[in-house]
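The values are calculated or read from the model by the stated rules, or taken from the named source; none is laboratory data. Computed from a prediction, not measured in an experiment: that's the story for all the values here. In this analysis, Cβ positions are derived from the backbone assuming ideal geometry, glycine residues included, and neighbour counts consider all displayed protein chains.
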Amino acid sequence: MGKATLTISSRNYSSWSLRGYLLAKLAKLDFEEKVVPPDDASARAELLLLSSSILVPCLTHDNVKVWDTLAIAEYLNEIKPKAGLWPADRAARAHCRAICGEMHSGFSAMRSSLPMNLKNRFPGHKIWARAQGDIDRITEIWRECLTTYGGPYLFGEKPCAADAMYAPVTTRFTTYDVKLDRVCTEYCQRIAAWPDLMAWVAAAKLEPEEIDEFDFEF
């Protein structure tokens, strides 16, 4: 099996790139990273939610090119079926896919008002009412999963595709000082301590590029 390439955008700002990276790490795929700079027109459009399609991250492996995050998850599951990207139980697997799909296609108010920004902090940030509705739904998902499957991750003892999909949200909640209950706060802390996420954050803080639109308080 040949070495793969994962094309990503800014580590600091690109939540989709982070998801692809965490999925590849969960699958224990041997891959190298190719970074598209945020001043690239198409990458910038995606980061600013001005693009109709999400083309980063993009996984290239054995002459196969996959660029949608959920498609990447399914592809990785096919080539690495023992990695546990999806829960083994059929009902839990369906639940996992459903909440991953909800993350993939929803929560637009939160995305636009709380863009991912790992290098900055906004204490006491005012949350818009529509974004708060998204936050309430996300935390409801977390509490349901953690209660149903026993934690410490969303579907049990090990992180899976769902944790990769929601990991960028935990960083947004930290960046914008979102108030959470104890269960959700502890989940965010657990994800923050995920070694692969810690490595990503450390690399993000070394990035020289900044996007002015993301570096002010909305």
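Quick look at the numbers
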{"item": "Condition check for residue 144: in the same structural domain as residue 28 (by TED's automatic domain parsing), modelled with pLDDT of 95 or more and at negative phi", "result": "no"}
{"item": "Matching option when the condition is within 23 Å of residue 182 (Cβ to Cβ) and touching a residue at least 40 places away in the same chain (Cβ under 8 Å), among 111, 121", "result": "121"}
{"item": "Lone unmet requirement of (1) under 20 Å from the mean Cα position of the chain (by Cα); (2) at pLDDT 95 or above for residue 112", "result": "(2)"}
{"item": "Exclusive hit being touching a Ser or Thr at 6+ places or on another chain (Cβ under 6 Å), of a type in the set (Asp, Glu) and either more than 28 Å from residue 175 (Cα to Cα) or modelled with pLDDT of 95 or more (or both), set 32, 78, 102, 74", "result": "32"}
